[in-house]
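Each remark here refers to the structure printed beneath this line.
What follows is calculated from the coordinates using simple rules that are stated; it is not laboratory data. Because the structure is a prediction, the values reported are computed rather than measured. Please note: Cβ atoms are built from the backbone with ideal geometry, for glycine as well, and neighbour counts cover all protein chains shown.
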Amino acid sequence: MRYSKFIKAVLPGDTQQNNVIRGVSLIILAAFAISIQDVVFKLFSSELTLWQIFTLRGILAIPLLLTISWVNGIQRKIVVATFQKWPLIRSIFITTTFLAFYAAIPFLSLSTVGAANYIAPIFVFLLSSYFIKNDLISSLGWTGVILGFVGVIILLQPGTDAFSAWAILPVIGAAFYALGHIITRTRCQNVHLAAMTLSLNVVMFLAGVVFSILLVWIQPNEGVFEAYPYIFGLWSSMITTDWLVIALLAGFTIVIGMLLAGAYQVAPPSIVSTFEYSYLIFVAIWDIIFFGIAPTFASFTGMLLIVLAGLLVLYRKSDDA
């Protein structure tokens, strides 16, 4: 099936309509794909640096996206749209999210990192009420917002021995993630999915290149390098398995980019973002299967409150209206 036919099969012709069912289906598929990608990142974080992965993945993903666009006769259209103002701003925000998220992955369980990052739907909900006038906050919605932040506090346990400063990174990333998807809904509804995916991959590739060069120039001291080689280390040599992992991640980033952008194009962010919580179910399973890490009572309670918060913010219309 040609790429254009695939897009028409999974997305509505009119991206202005609120196709909630399709948006929810796309975001659940995206959450599953992201969870698998995160397992790969965690498994190989001791082999390659974060910046090496971002750079090499872009080297593979960008030509592939351009080739797909060329085959479908839309390469020029895609390239022009890729470097427009709003797709680039969106890509910068989401790249910041991914960098914060993946920087924390080696030091925390996937469930903890994911739950901290998935305060993003709360941010999306708050921002939607301000930027998208039909996304009003109900009294139950406000309860959900408060409950979500309580869940994050229980999950991260600040002020205790269980707290890790690395858990702050995905919370910061969550704010940028929310901004990126608000832009998708308000400014990028008519931008081709391939253009938004290409724009994101270009920005992630440039981030990998820039930080790789900075590390060569700055040359962190050996203590920092030995403590955090994944973040502050220089590129390591590659074997065949490493290249296969990079190719796998390149494929994931293309699929995930289109699924995320498509979901937020066709349905209200406050609804779509709620179903992103399905990611927590997937990574809790992967934590047990791949890493032998079962959720603690505190982490389970925190995640449960965050999910409950997401369900409450589904009530978008004001009770006073």
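Fewest-first ordering of TRP70, TRP286, TRP51 by other beta carbons within 10 Å of each residue's beta carbon gives TRP70, TRP286, TRP51. Fewest neighbouring Cβ atoms within 10 Å first, the residues TRP166, TRP217, TRP243 line up as TRP217, TRP243, TRP166.
Stretching ASN221 away from SER236 to a fully extended chain increases their span by 3.7 nm, per 0.36 nm per residue minus the current alpha-carbon distance.
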